[in-house]
């Protein structure tokens, strides 16, 4: 984990990085649904015009078209907003991609409530639950730009469908260029034995901040588990976190069906009893607001994560 730096937009970094991947993988193609600007695909289209496709505002066609390219031996990166890829095109993802184990990488922005004042139509608070239920689908949610680049390259090299979930909110750089990541294996940016945060995406930076505050104020060492791969999930990392006796799971997603439910099911299957809490979007729709405000209202920003862990320690602090 590196020192605190300026926040960056992951989708901006990925947009440029896809052009680099295009040089390395000659079968890589980019498909978007009239969202080249939103998805930051312009540089790829300029460099590889014969490998860039815009199907218009038609996400169902986007998915089926990408599946067809995969059947012909290409590696399609299908870019769109998370709610449109996972809900408007849900049947096509299931039947054309997952059912056939098509080698399509779905690159989704606007995860969770990161769309902020765009409102509920542009929020993706159900997408993780939908995509993890698709047989054979790998689901990835990177926590910073460095990790996103490494995992995207691994996703391109991996045969089979991948859903790559990203925020449109700026995120803190957490890792350095020398850090290594592997699909299916969690990262541990902060070690600790007094409790554990298991998080993904934008919530990882909040968990790190909360853990550092708790260490300074209460001399408690809280582990931060960066569960960048939601499926296949790192079972051993969850078992190890349970040894701390306290687990808080946070994800920018509905608390039902997301990362928290997956962690809970493993704890139950392994018969592990711990203090446990899921933080995320409660089971309701709320009025549109800027993302940081919503993170705070739902209690999974740094303040919320800190306060929830302190609740576990109230009798000891």
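Quick one: residue 257 ticks every box in (1) at negative phi; (2) touching a helix residue (DSSP H, G or I) at 6+ places or on another chain (Cβ under 8 Å) except a single one, so which number is it?
The failed condition is (1).
Say whether the condition of being part of a strand (DSSP E or B), modelled with pLDDT of 95 or more and out of contact with any helix residue (DSSP H, G or I) (no Cβ under 7 Å at 6 or more places or on another chain) is met by at least one residue in the range 234-244.
No: the range 234-244 contains no residue that is part of a strand (DSSP E or B), modelled with pLDDT of 95 or more and out of contact with any helix residue (DSSP H, G or I) (no Cβ under 7 Å at 6 or more places or on another chain).
How many residues are surrounded by 21 or more Cβ atoms within 10 Å (Cβ to Cβ) and either part of a helix (DSSP H, G or I) or more than 13 Å from the chain's Cα centre (by Cα) (or both) if we restrict to the range 162-174?
1
From the set of residues in the range 298-317 that are farther than 16 Å from residue 209 by Cβ and assigned to a loop (DSSP other than H, G, I, E, B), which is modelled with the highest pLDDT?
Only one residue tops the list, namely 314.
Select from the range 87-114 the residues that are buried (at least 24 other Cβ atoms within 10 Å of the Cβ) and more than 21 Å from residue 29 (Cβ to Cβ) and list them in ascending order.
110, 111, 112, 113, 114
Just checking, which of 124, 89, 170 is closer than 15 Å to residue 230 by Cβ and touching a residue at least 24 places away in the same chain (Cβ under 8 Å)?
Exactly one of 124, 89, 170 is closer than 15 Å to residue 230 by Cβ and touching a residue at least 24 places away in the same chain (Cβ under 8 Å), namely 124.
Matching residues to (1) surrounded by fewer than 18 Cβ atoms within 10 Å (Cβ to Cβ); (2) at pLDDT 95 or above; (3) assigned by TED's automatic domain parsing to the domain that holds residue 16; (4) part of a loop (DSSP other than H, G, I, E, B):
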position: 130; (1), (2), (3), (4): no, yes, yes, no
position: 139; (1), (2), (3), (4): no, yes, yes, no
position: 153; (1), (2), (3), (4): yes, yes, yes, no
position: 156; (1), (2), (3), (4): no, yes, yes, no
position: 160; (1), (2), (3), (4): yes, yes, yes, yes
position: 177; (1), (2), (3), (4): yes, no, no, yes
position: 194; (1), (2), (3), (4): no, yes, no, yes
position: 204; (1), (2), (3), (4): no, yes, no, no
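Given (1) over 24 Å from residue 142 (Cα atoms); (2) out of contact with any helix residue (DSSP H, G or I) (no Cβ under 8 Å at 6 or more places or on another chain); (3) in a loop (DSSP other than H, G, I, E, B), where does residue 101 come up short, assuming only one miss?
Condition not satisfied by residue 101: (1).
The values are calculated or read from the model by the stated rules, or taken from the named source; none is laboratory data. Computed from a predicted structure; not experimentally measured. A quick note on method: Cβ atoms are made from the backbone with ideal geometry, for glycine too, and the neighbour counts reach across all protein chains shown.
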